[in-house]
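Encoded as structure tokens, the structure appears first; notes follow it.
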Amino acid sequence: MNPPAKSTSLQTYQVIVYDRALHPELFQLRGRRVFRQGPFEAEAWIMRGSHVLRFECGTMCASELVTEQDTGLPTANVVAAYLCAGEHDFEHAFGRPKVTYVSSVQSETLSEHLYLATVEEMRAHARDAECLAVAWDDGGPCLSVLDVQTYNREIHAQGYHLQALGGVVIRTQTIFEVAQPGR
């Protein structure tokens with residue numbers, strides 16, 4: 001795996017938050033899982049190099065898309081969009097019922113040796129934790145993993161997108177939390 005002098009992955013990887021559902025026919029899904037817990041329903045989709053989280057509670061619906069795609073994406077009802085390069089934190093409160101969305105994104109470019117060790121570590125984690133995952137080869141081993149945990153009034157998701165060209169690793173941590181009644 002010899003990374004090119006310049007990789008565009010960190011320049012195009014982005015998080016887009018919508019206040020609506022996204023449609024699966026827009027994406028080449030490699031895995032899909034639905035979670036129902038307490039007052040909400042969530043759905044997770046994994047694709048090569050990207051993921052979608054959809055969260056519904058009552059009439060409120062929101063979606064998070066992490067992707068390196070920069071064209072042909074839905075533009076209606078975008079709450080926020082930002083690049084994944086570096087470190088970013090974002091928080092947004094959705095209407096009724098009150099749902100708080102919190103996201104943290106970190107990206108890094110690793111040496112070949114560290115990148116390959118990280119791929120192996122993430123493969124083992126995906127297998128042991130029964131995560132949604134897809135592996136492919138694009139100039140070396142690539143991997144996307146989505147690890148989701150549900151709690152009484154919230155969902156936590158960790159996304160990992162590893163791109164061999166450039167040794168790029170994108171990590172996302174997302175929480176959707178339904179407020180306690182009366183708050």
Could you tell me whether any residue of the stretch 91-99 is part of a strand (DSSP E or B), free of Cβ contacts under 8 Å to residues at least 60 places away in the same chain, under 28 Å from ARG153 (Cβ atoms) and among the aliphatic types (A, V, I, L, M)?
yes
Tell me whether the stretch 46-62 contains one or more residues that are at pLDDT below 95, under 21 Å from TYR160 (Cα atoms) and not small (Gly, Ala, Ser).
no
Take the residues in the stretch 126-137 that are small (Gly, Ala, Ser) and not in a strand (DSSP E or B); name whichever of them is surrounded by the fewest Cβ atoms within 10 Å (Cβ to Cβ).
ALA129
ALA42 is checked against (1) out of contact with any Pro (no Cβ under 9 Å at 6 or more places or on another chain); (2) surrounded by 16 or more Cβ atoms within 10 Å (Cβ to Cβ); (3) farther than 19 Å from ALA157 by Cα and fails just one. What number does that condition carry?
(3)
For the stretch 17-66, which residues satisfy the criterion of being of a type in the set (Asp, Glu) and either within 17 Å of ALA93 (Cα to Cα) or touching a strand residue (DSSP E or B) at 6+ places or on another chain (Cβ under 9 Å) (or both)?
ASP19, GLU41, GLU43, GLU56, GLU64
Being in a loop (DSSP other than H, G, I, E, B) and either free of Cβ contacts under 8 Å to residues at least 40 places away in the same chain or touching a Ser or Thr at 6+ places or on another chain (Cβ under 7 Å) (or both) is the filter; apply it to the stretch 74-90 and report the residue that is nearest to GLY49 (Cα to Cα).
CYS84
In the stretch 24-64, what count of residues is obtained for those that are free of Cβ contacts under 8 Å to residues at least 40 places away in the same chain, part of a loop (DSSP other than H, G, I, E, B) and not aliphatic (A, V, I, L, M)?
4
Condition first: over 19 Å from GLN28 (Cα atoms), under 11 Å from the mean Cα position of the chain (by Cα) and crowded, with 20+ Cβ neighbours inside 10 Å. Now tell me which residues in the stretch 149-183 satisfy that.
ALA157, ILE170, THR172, THR174
Those residues that are more than 28 Å from VAL178 (Cβ to Cβ) and in contact (Cβ under 8 Å) with a residue 12 or more places away in the chain, I need them from the stretch 120-151; list them, please.
MET122, ARG123, VAL134, ALA135, TRP136, ASP137, ASP138, GLY139, GLY140, PRO141, CYS142, LEU143
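The values are calculated or read from the model by the stated rules, or taken from the named source; none is laboratory data. What you see is a predicted model; the values in this text were computed from it and never measured. Using ideal geometry, Cβ is built from the backbone for each residue, glycine included, and neighbour counts are taken over all protein chains shown.
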